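A quick write-up on the structure given underneath.
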Amino acid sequence: EVTSSGRGRRVLAQELPSMVDVSNPDRFTARCVSLHSSITITGHQPSALIGLKGGMLVKLNSPKSLFAIFAACCAPPEIALSRGGGGVQQEAQVPKREYFIRHSKPVLYVSEYGRGEGVVSMDEAGLVVTWRYDRKSFSNLGWFLPATAVKVNATHEVYVDEEGEGATEQLFVASGSDVQARRRAGEEHEAKLRNFGIQGEPIQISTWREGTIRTRVGQLRIYKGEQLDSESAIFHLLKYDNEGILFSHVSRRRTRQVVTGRVLKARIDISGAFLVLMALIPSTSTSQPLLVIFRLDLRISAFAPTTIEIPISDKSRKLVDAALKESAAGLQGSRRFFGFDFDVAPPQGDSDSQVVYVLSENQVSAFSLESGMRLLKPFEPRVLHRGRVQFHTVRSVAKFSSMSVRSAPPTPEKLPGRHVVEEEEDPRLRKSYEHLLIITSTNSPVAYMYSAQSRDAQMFRSTPLVGSREDILYTPSSAASRRTNASIASMASQTTQASE
């Protein structure tokens, strides 16, 4: 059933005709899997959560679910002895499967949240649903009902150039071949910038290039000037040549526009209180495509103020925009989002902030989840074989490295880990972790070790998989996938020895 075998789909389709449309067996294909928080006294986790393509969540219970001491099965005992509704198993004290009904689109992510007492899920439409896993949430219809449902719209505000007469005005342009004269003229114009309403730092700095035979290269600085009304403002574009001399100054009137993108991924943070989401925003005439990381507070269904924005380069601009258009039109363009991923790791060093590792355009970078500050400059993982590979996932494994004393005790929300602080634990102590990064591609899982002391990522191990094809790596039963899992497990098991 986890691997979406034909038999598993047929069994679900036979049991659910009174609950959902079962005319298309493909609706019961698994899209995501996560272990449930239930646990036995021996440390075994007997249940798994599965998100299906048709939008249903299924909790699979092994026979050991009967011995769970935390988050035990909440479906009424009589459900396990019936064939209707959520009943799936005869002569059993716990049902083999429990159902969660709310989503209508394919489920992208499912996980426990909080301290393990709830479940959170998200589908392709951006609907985030939380579920309380208790007896009160189980309905007479035979499935669990949601506690909250929030529609996440991946929107981003940008200013787009207006068209028409008077929208653009040339305020300065350098002329002549005398370098010193052009420098003096540029400095005189810079002294008058305050008269145009230009103050503070530029909102955007990029590189400009023009010409084919005699190419000129320089820096473009964009400042926001006078706010005309609630929807439009004046922006100033200052071009500097490669010697830092002001080359031109143009003012443009721009109108505010809301751009809608798509939510690609989701992860629960270490505290279990926030859902971290990754969205892809399309480009406009004045902005590049953006990869945006933001957080949703599941306790109050509100967004945290800090966001992380990662620009997409021009070489990927056309592919990203085309994929977003196909996705908005309902076409099969989701495969073209291949190569964007992220993961959340515990704090490092003296910081209380969790770390976000982002994979974008074959490069891995790290940011502070609290402040959005970049912690690790982008690097491209290396593989020990010829040829360039396309990386598609990044995962972090945290290893406890040290402990230090805090200057002040943190609030309960800032304590790392999804657990209640024990009496013998001192909240003034700060735990620090080393992170083992596992970046996987179509044929090579690569591991990097990153610690706050080095502020750099060192390659730990690269294991090429000879003769593996991209199409068979997605089949859990394939030999290539087993070799990949064995390699990753081997790298993770050697973390302690390599760190020492």
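The values are calculated or read from the model by the stated rules, or taken from the named source; none is laboratory data. This one's a predicted model, so the numbers in the text were calculated from it and none came from an experiment. Here the Cβ is made from the backbone with ideal geometry for all residues, glycine too, and neighbour counts use every protein chain on show. These accessible areas exclude ligands, DNA and RNA; they are computed on the full protein's heavy atoms, side chains included. Shrake-Rupley method; radii C 1.70, N 1.55, O 1.52, S 1.80 Å.
Using a probe of 1.4 Å on the protein chains alone, the accessible area found for THR207 is around 110 Å². Electrostatic tally near CYS73: other residues with Cβ closer than 9 Å to its Cβ, Lys and Arg +1, Asp and Glu -1, net 0.
Computed extension gain for ALA167 through LEU66, at 0.36 nm per residue and net of the alpha carbon distance, reaches 29.3 nm. The modelled label-to-label distance between LYS399 and GLN219, using points 7 Å beyond Cα along the C-beta direction, is 4.1 nm. Be a star and scan the stretch 239-254 for residues whose amide nitrogen sits under 15 Å from the point 7 Å along the Cα-to-Cβ vector of THR286. Only 250-254 fall inside the zone, counting backbone N under 15 Å. Note on PHE303/GLU243: beta-carbon distance plugged into 1/(1 + (r/R0)^6) with R0 of 41 Å gives a FRET efficiency of 0.40. Sparse packing (at most 16 other Cβ atoms within 10 Å of the Cβ) combined with a DSSP loop state is found for the following GluC sites (Glu not before Pro) in the stretch 221-286: GLU231, GLU243. Rolled with a 1.4 Å probe across the full set of protein chains, the surface gives ILE270 an accessible area near 40 Å². Straight-line reach from LYS239: taking Cα to Cα under 24 Å and skipping same-chain neighbours fewer than 8 places apart, the lysines in range are LYS192, LYS224, LYS315. Holding the Cα-Cα limit at 32 Å, pick out from LYS325/LYS399; LYS265/LYS399; LYS59/LYS265; LYS105/LYS136 the pairs that are longer than that. LYS325/LYS399, as the Cα separations exceed 32 Å there.
For VAL152, nonlocal amide neighbours, meaning residues 5 or more places apart or on other chains whose placed amide H falls under 5 Å from its own, are LEU127, VAL128. At full extension, VAL160 and GLU190 could sit 8.3 nm farther apart than now, given 0.36 nm per residue minus the alpha carbon distance.
Placing LYS239, LYS377, LYS96 in order of accessible area, with the largest value first and a 1.4 Å probe, yields LYS377, LYS96, LYS239. With the simple spin-label model, which puts each label point 7 Å out from Cα in the Cβ direction, the ALA181 to VAL150 separation comes to 6.2 nm. Note on surface exposure: ILE438, ILE234 rank ILE234, ILE438 by accessible area, highest first, 1.4 Å probe.
Structural size metrics of the stretch 217-345, computed from C-alpha coordinates, are Rg and Dmax of 18.3, 53 Å. Multiplying the residue separation of LYS325 and GLU226 by 0.36 nm and subtracting their alpha-carbon distance yields 32.3 nm.
Working note: Karplus 6.51/-1.76/1.60 with θ = phi - 60° gives the stretch 172-181 the couplings 7, 8, 6, 9, x, 9, 6, 5, 5, 5 Hz, where Gly and Pro are set to x.
For the stretch 202-258, what class follows from the C-alpha gyration tensor (a ≥ b ≥ c being the square roots of its eigenvalues): rounded when a/c is under 1.5, otherwise prolate if a/b is larger than b/c, else oblate? Since a/c reaches 1.5 and a/b is larger than b/c, the shape of the stretch 202-258 is classed as prolate.
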